[in-house]
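Okay, here's the structure, questions in a sec.
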Amino acid sequence: MLTPLDRAMKNLLIIKPDLFWLGMVVSERKVVRLCFSYSEKGIREGLGIKSSQRPSASSLLQSLKSDMTDYWKGMRVDFSGYPLDLAGYSPFYKKVWTQTRLIPYGEVRSYKWVAEAIGTRGFRAVGKALGNNPFPIIVPCHRVIKEDGGLGGFSSGLAIKRRLLKIEGFLKD
DNA sequence: TAATGGTTCGGCG
DNA sequence: CGCCGAACCATTA
């Protein structure tokens with residue numbers, strides 16, 4: 001049986017822009033999923049992919065790779081135009097992710113801000129939705145922090161959240 | 001239904 | 001400031 005992710009396997013690309021690896025999976029027209037890990041193997045495990053795959057020539061994947069590389073060089077890359085495959089996710093999650101995409105590069109908002117913007121007071125549920133964000137960086141969940149200025153959490157490790165906020169100039173060394 | 005979070009807010013020392 | 005405790009609410013078991 002072939003899951004959607006299996007079918008998209010041919011469009012998997014893994015790069016190592018930092019101390020950690022970044023896996024990117026796209027389908028024909030949309031970004032399906034991104035994933036961080038400190039090992040290349042961890043990416044494959046995180047994505048549930050067993051065999052190694054040949055890198056794809058997909059133009060979507062190529063521009064994503066290029067943009068990601070620029071992003072890690074510190075360039076102000078705008079990911080807001082990337083089409084995301086949101087099929088199968090709950091309406092609430094979609095609202096949270098869509099709202100989070102509106103936070104500008106280099107700026108942050110609180111979990112509460114996101115919640116209120118989409119008409120709920122479930123700020124903890126927002127945290128949960130961001131914890132399940134399949135599109136890190138593109139959906140900049142790292143720009144959502146606590147109301148009191150604390151960083152809050154990050155599912156793939158707080159160190160990565162800090163790194164991203166440093167790259168964007170929000171955090172100093 | 002109960003438990004669980006990437007939270008918030010008020011209260012107290 | 002730091003440490004509770006209660007409250008918020010969408011998932012998941």
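The values are calculated or read from the model by the stated rules, or taken from the named source; none is laboratory data. All of these numbers come straight from a predicted model, not from anything done at the bench. Cβ coordinates were reconstructed from backbone atoms using ideal geometry, including for glycine residues, and neighbour counts include every protein chain displayed. Side chains are part of the model used for accessible areas, which takes the heavy atoms of the whole protein and leaves out ligands, DNA and RNA. Shrake-Rupley method; radii C 1.70, N 1.55, O 1.52, S 1.80 Å.
If you go through the range A:21-30, how many residues are surrounded by 14 or more Cβ atoms within 10 Å (Cβ to Cβ) and either more than 17 Å from A:Leu158 (Cα to Cα) or more than 14 Å from the chain's Cα centre (by Cα) (or both)?
Selection size over the range A:21-30: 6.
Within the bounds of the range A:47-58, is there any residue that is of a type outside the set (A, V, I, L, M, F, W, C) and within 16 Å of DNA strand C (Cβ to nearest atom)?
The answer is yes, given that some residue of the range A:47-58 is of a type outside the set (A, V, I, L, M, F, W, C) and within 16 Å of DNA strand C (Cβ to nearest atom).
All but one of (1) out of contact with any Phe, Trp or Tyr (no Cβ under 7 Å at 6 or more places or on another chain); (2) touching a residue at least 60 places away in the same chain (Cβ under 8 Å) hold for A:Gly106, so report the exception by its number.
Going through (1) out of contact with any Phe, Trp or Tyr (no Cβ under 7 Å at 6 or more places or on another chain); (2) touching a residue at least 60 places away in the same chain (Cβ under 8 Å) one by one, A:Gly106 breaks only (1).
When the range A:67-85 is examined, which residues are found to be within 14 Å of A:Val26 (Cβ to Cβ) and of a type in the set (A, V, I, L, M)?
A:Met68, A:Leu84, listed by residue number.
Hey, can you tell me all the residues within the range A:107-152 that are in contact with a strand residue (DSSP E or B) (Cβ under 8 Å, 6 or more places away or on another chain) and β-branched (Val, Ile, Thr)?
Of everything in the range A:107-152, those that are in contact with a strand residue (DSSP E or B) (Cβ under 8 Å, 6 or more places away or on another chain) and β-branched (Val, Ile, Thr) turn out to be A:Val108, A:Val114, A:Val126, A:Ile137, A:Ile138, A:Val139, A:Val144, A:Ile145.
Has the range A:128-144 got any residue that is more than 19 Å from A:Cys35 (Cα to Cα) and out of contact with any helix residue (DSSP H, G or I) (no Cβ under 7 Å at 6 or more places or on another chain)?
no
Residue-wise test of (1) touching a residue at least 12 places away in the same chain (Cβ under 8 Å); (2) buried (at least 19 other Cβ atoms within 10 Å of the Cβ); (3) among the charged types (D, E, K, R).
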residue: A:Ala129; (1), (2), (3): yes, yes, no
residue: A:Arg143; (1), (2), (3): yes, yes, yes
residue: A:Leu158; (1), (2), (3): no, no, no
residue: A:Arg162; (1), (2), (3): no, no, yes
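Residues are listed down the side, and each one gets a yes or a no for (1) of a type in the set (Lys, Arg); (2) within 15 Å of DNA strand C (Cβ to nearest atom); (3) open to solvent by 40 Å² or more (accessible area, probe 1.4 Å); (4) in contact (Cβ under 8 Å) with a residue 60 or more places away in the chain:
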position: A:Arg101; (1), (2), (3), (4): yes, no, yes, no
position: A:Ser110; (1), (2), (3), (4): no, yes, no, no
position: A:Arg124; (1), (2), (3), (4): yes, yes, yes, no
position: A:Pro136; (1), (2), (3), (4): no, no, no, yes
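Also, I was wondering about something else. Filtering the range A:131-150 down to residues that are near DNA strand B (Cβ under 7 Å from one of its atoms) and of a type in the set (D, E, K, R), which residue is farthest from A:Glu116 (Cα to Cα)?
Residue satisfying both the conditions and the ranking: A:Asp148.
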